[in-house]
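Undergrad: This is the structure I have questions about; it appears just below.
The values are calculated or read from the model by the stated rules, or taken from the named source; none is laboratory data. Keep in mind that this is a model prediction, so the values were computed, not measured. Methodologically, a virtual Cβ is constructed for each residue, glycine included, from the backbone with ideal geometry; neighbour enumeration extends over all protein chains shown. Just so you know, the surface numbers come from the protein's heavy atoms only, side chains and all, with ligands and any DNA or RNA stripped out. Shrake-Rupley method; radii C 1.70, N 1.55, O 1.52, S 1.80 Å.
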Amino acid sequence: GEIVLKKYSPIEELGNLSREYTQAMAQALGHLICISDHDQIVAAGGPKQQEYQGKSISKELEEAIRNRDVISADSKDRCRIPVVEEEKEQTGAQIIQPIIAAGDAIGAVVILNKKDSGPFTETEKKLAQIAAGFLGRQMES
């Protein structure tokens, strides 16, 4: 026999749920939606999802999760951060909403708009907040 050790990811425990959630949000909004844990993008949906799915997150995103930073930036904001380590381009708007479960920051919901269409609406910001709240509550139950 053998023992296989794998780093525990609470968000990955939601597997199918997080994948379905990203697909539903991407279809409704038309944006790229990602759900991450502290290490990688565990679910991605929408345009260019293959460029993000399973990729390691950037140090900047990891720090934003750790600090519980909520980021809402349009394409010209300097507070915009790379989402994955090898992100090819940093254009378009982004929303980053940390996922909190049992008082711990365990990941983030990320909404990316690669088009130069200006900032996200309040509705889109609220949807990111709702998604993060929902996933956090699912982890607690």
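Undergrad: Once you've got the GNM for the chain with C-alpha springs shorter than 10 Å, pick whichever of Gly107, Gly54, Gly15 has the biggest mean-square fluctuation.
TA: The residue that fluctuates most here is Gly15.
Undergrad: Accessible area per residue for the chain in Å², computed with a 1.4 Å probe and the full protein assembly in place, what is it? Provide the component values of the computation, followed by the final result.
TA: Working: 7780 Å² over 141 residues.
Normalised by residue count, the accessible surface of the chain is 55 Å².
Undergrad: Okay, next question. Given springs between every Cα pair under 10 Å in a Gaussian network model of the chain, which of Ala44, Ala105, Ala28 has the largest fluctuation?
TA: The residue with the greatest mean-square fluctuation here is Ala28.
Undergrad: So, one more: Roll a 1.4 angstrom probe over the protein heavy atoms and tell me the percent of accessible area of the chain that is carbon or sulfur. Intermediate values should be presented prior to the final figure.
TA: Values: 3810 of 7780 Å².
Accessible surface attributable to carbon and sulfur in the chain totals 49 percent.
Undergrad: Cα axis of helix 15-29 to longest principal axis of the chain: angle in degrees, 0 to 90, nearest 10?
TA: 10 degrees
Undergrad: What are the radius of gyration and Dmax of the chain, computed over its Cα atoms and given in Å?
TA: For the chain, the Cα-based Rg and Dmax read 14.3, 56 Å.
Undergrad: Based on the Cβ-Cβ distance of Ala102 and Ala28, what FRET efficiency does E = 1/(1 + (r/R0)^6) give at R0 = 35 Å, to the nearest 0.05?
TA: Numbers: r = 29 Å, r/R0 = 0.82.
Once the sixth-power term is evaluated, E becomes 0.75.
Undergrad: With a point put 7 Å past each Cα toward its Cβ, work out how far Lys59 is from Lys76 in nm, to one decimal.
TA: Distance between the two pseudo-spin positions: 3.0 nm.
Undergrad: Where does helix 122-140 land angle-wise versus the long Cα axis of the chain, in degrees 0 to 90, nearest 10?
TA: The helix 122-140 is inclined about 0 degrees to the chain.
Undergrad: Report the Cα centroid-to-centroid distance between segment 16-60 and segment 65-81 in angstrom, as an integer.
TA: Here the two parts' Cα centres lie 17 Å apart.
Undergrad: Mind listing the long-range amide H neighbours of Gly92? Cut-off is under 5 Å, sequence gap 5 or more, other chains count too, H placed in the peptide plane at 1.01 Å from N.
TA: Result for Gly92 returns Ser75.
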